[in-house]
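The values are calculated or read from the model by the stated rules, or taken from the named source; none is laboratory data. This is a predicted model, so every value here is computed, not measured. Neighbour counts run over all protein chains shown; Cβ positions are idealised from the backbone, glycine included.
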Amino acid sequence: MRLRAGHVAIAAIVLITAFVVGVTWLGPSGPGSEELVEGALPPVGSARDEVPSMVVDAAEVDLGVISNTGEGHGKLVVHNRGKGPLKIDEVRSSCACTDGSFATGALPIPPGASAELNITVHPTRIYGFESKKTLTLFSNDPVRPSVEVLVSAKIDPEFSVKPEKLDFGTISKGTAATRELRLTTRADIPMKVSGVSSVQPDSKEQPPKGLQLEQVPVPEAEWKSLGCSEYVIRASIGAEIPPGPFDFGAYISTDLKRFRFLRIPVHGTVEAPYKLEMPSGLKVIVLQPAASDARVKVTAQQPVAFESAAAESGTVTVSGQDIPGGMELVFAPVPGLAAGRHDDQVRVRMRLGDKTFEELFELRVFAGTALQTEQ
């Protein structure tokens, strides 16, 4: 049989295809070969099977209760399950109150050996009675180069608070509510409560509207234990708190050396027959120089009627416009405002059915043109 040129071409194509398939099948991902994993290569100049492998005994180390004047200590065993020396390049902490280190000469860890990480917690650097921090170990393990370990501890308290948070639960809009906690000192640790505030001491933050805090010393005749002074911390939620969940803090200041204040969570949910939709989802209404107004949507299952509005500094006027499903509050700057920034707050009264509700809005009004910076 005489071969034609077309037959030769077809045979060549078949041979080339078979060669490509064979190479692919017998290559790195084919049977009988090791699968190469990116990032799992040994250091340059090392044999592929002579790499270290870092394994720790636990993902969390709990030091239990430690003294408020001393230090807490714990250990974590670090193993090298590989066939090359394990080098720990760094032990990084998420807080200066917690650190970890290896004894001199413990590193690098030989294959099949282990070493102890010495953990120290410094209570004088912790603001409170509980600590949960993370230590991260960085090594030359090519597969698992870093390992995180949670270090937890409780500090022997200088005083106690009951309850540990002020939970208002769910309260109806327009209803004032009050919660209390009692702070009790220890006879062996002299201390005083110097105040309570809704923002962190020395902070430039503005106190949240609608939260009132009060510190009331308990008469000595009512102390439960001799020599252990007591205080009542009272939190009150005002009617102007907007609908939805709230999360504040009550900062109790003390004269203790270890920490100057303790934050007590104050949270709950205000339930209202309407919802507020703020401009751009912000808590503060911002009026820019180029904007004619800012709008807040009030949606409800029943008609909403605008009653009145009063701006504390008189920077804006407020009106109400009916929209499908509710009302829209329109905030417009008054004519003739001096150029610059004006902070204000506005109380708006609305009626739903036979009830009147009040909302307090924070405003930031920018009038005139933006200031030019020097070149």
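Can you name the residue in the stretch 284-328 that is within 34 Å of the chain's Cα centre (by Cα) and under 18 Å from Lys355 (Cα atoms) and is also surrounded by the most Cβ atoms within 10 Å (Cβ to Cβ) among such residues?
Among residues in the stretch 284-328 that are within 34 Å of the chain's Cα centre (by Cα) and under 18 Å from Lys355 (Cα atoms), the one surrounded by the most Cβ atoms within 10 Å (Cβ to Cβ) is Val298.
Say we look at the stretch 225-257 and pick out the residues that are in contact with a Lys or Arg (Cβ under 9 Å, 6 or more places away or on another chain) and among the charged types (D, E, K, R); which of these is surrounded by the most Cβ atoms within 10 Å (Cβ to Cβ)?
Ranking the candidates gives Glu230 first.
Do we find a residue being at pLDDT 95 or above and β-branched (Val, Ile, Thr) anywhere in the stretch 220-233?
There is at least one residue in the stretch 220-233 that is at pLDDT 95 or above and β-branched (Val, Ile, Thr).
List the strands (runs of 3 or more DSSP E) inside the stretch 160-199, counting only whole elements, that have at least 3 residues being closer than 14 Å to Gln215 by Cβ and among the small types (Gly, Ala, Ser).
Per the criteria, 193-197.
Test of understanding: among Thr134, Thr124, Thr104, which residue is more than 20 Å from the chain's Cα centre (by Cα), modelled with pLDDT of 95 or more, of a type in the set (Val, Ile, Thr) and surrounded by fewer than 16 Cβ atoms within 10 Å (Cβ to Cβ)?
Unique residue meeting the criteria: Thr104.
Taking the stretch 335-349 as the region of interest, how many residues are surrounded by 14 or more Cβ atoms within 10 Å (Cβ to Cβ) and either in contact (Cβ under 8 Å) with a residue 60 or more places away in the chain or outside any strand (DSSP E or B) (or both)?
3
If the requirement is being within 34 Å of the chain's Cα centre (by Cα), part of a loop (DSSP other than H, G, I, E, B) and at pLDDT below 95, which of these qualifies: Glu38, Glu50?
Glu38
Those residues that are basic (Lys, Arg) and in a strand (DSSP E or B), I need them from the stretch 244-268; list them, please.
Selection gives Arg263 alone.
Say whether the condition of being closer than 30 Å to Glu205 by Cα, part of a loop (DSSP other than H, G, I, E, B) and not assigned by TED's automatic domain parsing to the domain that holds Ser172 is met by at least one residue in the stretch 314-326.
So far as the stretch 314-326 goes, yes, one or more of its residues are closer than 30 Å to Glu205 by Cα, part of a loop (DSSP other than H, G, I, E, B) and not assigned by TED's automatic domain parsing to the domain that holds Ser172.
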